[in-house]
Amino acid sequence: VFYDSLSSSSSSSSSSSPHQQKVHFHKFMLDVHRQMHLAQTVHGIRGSDAVLHHVLTRILQKGRILCFDEFQVTDVADALLLRRLFTGLVDRGAVVVATSNRAPRELYKGGLQRELFVPFVDWLEETLVVVGMWDSEVDYRLVMSGGRGVAGGVSVSGNDSDYDDDDDSNPHGRVHETYFIQRKRNNHQKHHQHDRARQKFDSLFRKLTKDSPIESTVIDVQNRQLFVPHASLECDVAKFSFYDLCGRAKGAADYLAIGERFHTVFVEDVPALTFHETNLARRWITFVDAMYECRVKLVVCAETAPEEMFRVEGEGGREHTDEVFAFERTRSRMEEMRSERYLRKTWVGSITESHG
């Protein structure tokens, strides 16, 4: 809402220069590292101060009001760079507004060499106004979500689209199913639900790919190749298993590359996770964040509902409070991503910046 109000004000201004920019923090930091690399290899700039000056200039050319979504720090390289980066931006007249699920003192908690990150936390608290929302009992993403639970799937309401179910009797409009629960086969009833959920998931994939050829492909990611097992290049739709995405070491750059290439991503065989599988949970969190940033339509076939997907009960769970906290945000985001409001959004993943 804040960013939209700025956009409305700037659109009425006679100036043609940009005033503000909004970006997911993961994506922003990936671009910062890319610009630093280009400054040295393409522009021939030497010295860390000169490289940073070049990067700061490029950032501010896009707008002096920077709105960051999901400010979080998980990478040691980012942690060590942030103080110089942010002080440089503010010293040059930038205004920084950020949302985060962590208070400043909780950022990068338990991270490698965190003692070197603490001065940045001090600077944040001294320079920026911290507004706490954690006392609110309302999860506004859930407020925006639609209904749930028809025929083994989780649904949202909406109007005409390729996500419509065949049932037009719903008083809120046709039903969109984007989350299918394929529980383990324990008895005859669950066997039936298992098959029905999977059939509907596969049927939606065929519908959105319009019977076009399905083939494997690769995406170039920072001089690496990311394998995509099933894709309709004609329709810009891809399908992965959970372990394709999270079973191997992948990061935000990989997931953003997927979101920038495909407007709809299907993920099958999503399991229920425990505290023994925190690496898988972390990757799923990063994956969902990337899909959300690119406004990708995410279709999931999972063993459980989102709120049951990651459980850390018992003694072993006490060491993983950070993951539980982060996954609760992901669950909330997954709820929003199957709402009518989200499904109506235009895919922006294909909008990438020139390397010049």
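In region 211-233, which residues have a backbone nitrogen under 11 Å from the label point lying 7 Å from R34's Cα in the Cα-to-Cβ direction?
In region 211-233, the label zone of R34 (backbone N under 11 Å from the point 7 Å along Cα→Cβ) covers 221-223.
If you plug each phi of region 51-56 into the Karplus form 6.51 cos²θ - 1.76 cosθ + 1.60 with θ = phi - 60°, what whole-Hz ³J(HN,Hα) values come out, in order, with x for Gly and Pro?
Calculated HN-Hα couplings, in order: 5, 5, 4, 4, 5, 4 Hz.
Taking the full set of protein chains and a 1.4 angstrom probe, give the accessible area of H37 in square angstrom, rounded to the nearest 10.
The accessible area comes out at roughly 110 Å².
Once you list every other residue whose beta carbon is under 11 Å from the beta carbon of C294, what net charge do they have if Lys and Arg are +1 and Asp and Glu are -1?
Summing Lys/Arg as +1 and Asp/Glu as -1 gives +2.
Can you tell me the FRET efficiency between R196 and L112 if r is taken as the Cβ-Cβ distance and R0 is 45 Å, rounded to the nearest 0.05?
Calculated value: 0.45.
Not counting ligands, DNA or RNA, and with a 1.4 Å probe, what is W284's accessible surface area in Å² rounded to the nearest 10?
Roll a 1.4 Å probe over it and W284 shows about 0 Å².
Excluding V121 itself, calculate the net charge of residues whose Cβ lies under 14 Å from the Cβ of V121, where each Lys or Arg counts +1 and each Asp or Glu counts -1.
Net charge around V121: -1.
State, to one decimal in nm, how far the label point of E234 lies from the label point of R311, with both points 7 Å from Cα in the Cβ direction.
My value for the distance between the label points is 4.4 nm.
So for the pair K345, A103, with labels modelled 7 Å out along Cα→Cβ, what separation do we get in nm?
Here the answer is 2.9 nm between the modelled labels.
Given a cut-off of 29 Å, name the pairs among K27/K345; K27/K239; K27/K109; K27/K207 whose C-alpha atoms lie farther apart than that in the structure shown.
K27/K207
Report the calculated FRET efficiency for E126 and T217 (r = Cβ-Cβ distance, R0 = 45 Å), to the nearest 0.05. Can you show the working numbers first?
Values: r = 49 Å, r/R0 = 1.09.
For R0 = 45 Å, the calculated efficiency reads 0.40.
Which value, in Å² and to the nearest 10, is the accessible area of E215 when all protein chains are kept and the probe is 1.4 Å?
Surface accessible to solvent at E215 totals approximately 90 Å².
Please provide three numbers in whole Å: the alpha-carbon extents of region 178-293 along the principal axes, with the largest listed first.
Projected onto its principal axes, the Cα set of region 178-293 covers 49, 40, 22 Å.
Could you please report the charge total around F262, scoring K, R as +1 and D, E as -1 over all other residues with beta-carbon less than 10 angstrom from its beta-carbon? The partial results should precede the final answer.
On the way: positive: K239, R261, K297; negative: D236, E260.
Taking every other residue near F262 into account, the sum is +1.
The values are calculated or read from the model by the stated rules, or taken from the named source; none is laboratory data. Bear in mind that the values here come from a model prediction, so they are computed numbers and not experimental data. Neighbour counts are summed over all protein chains in view; Cβ atoms, including those assigned to glycine, are modelled from backbone coordinates with ideal geometry. Only protein heavy atoms, including side chains, enter the accessible area calculation; ligands, DNA and RNA are left aside. Shrake-Rupley method; radii C 1.70, N 1.55, O 1.52, S 1.80 Å.
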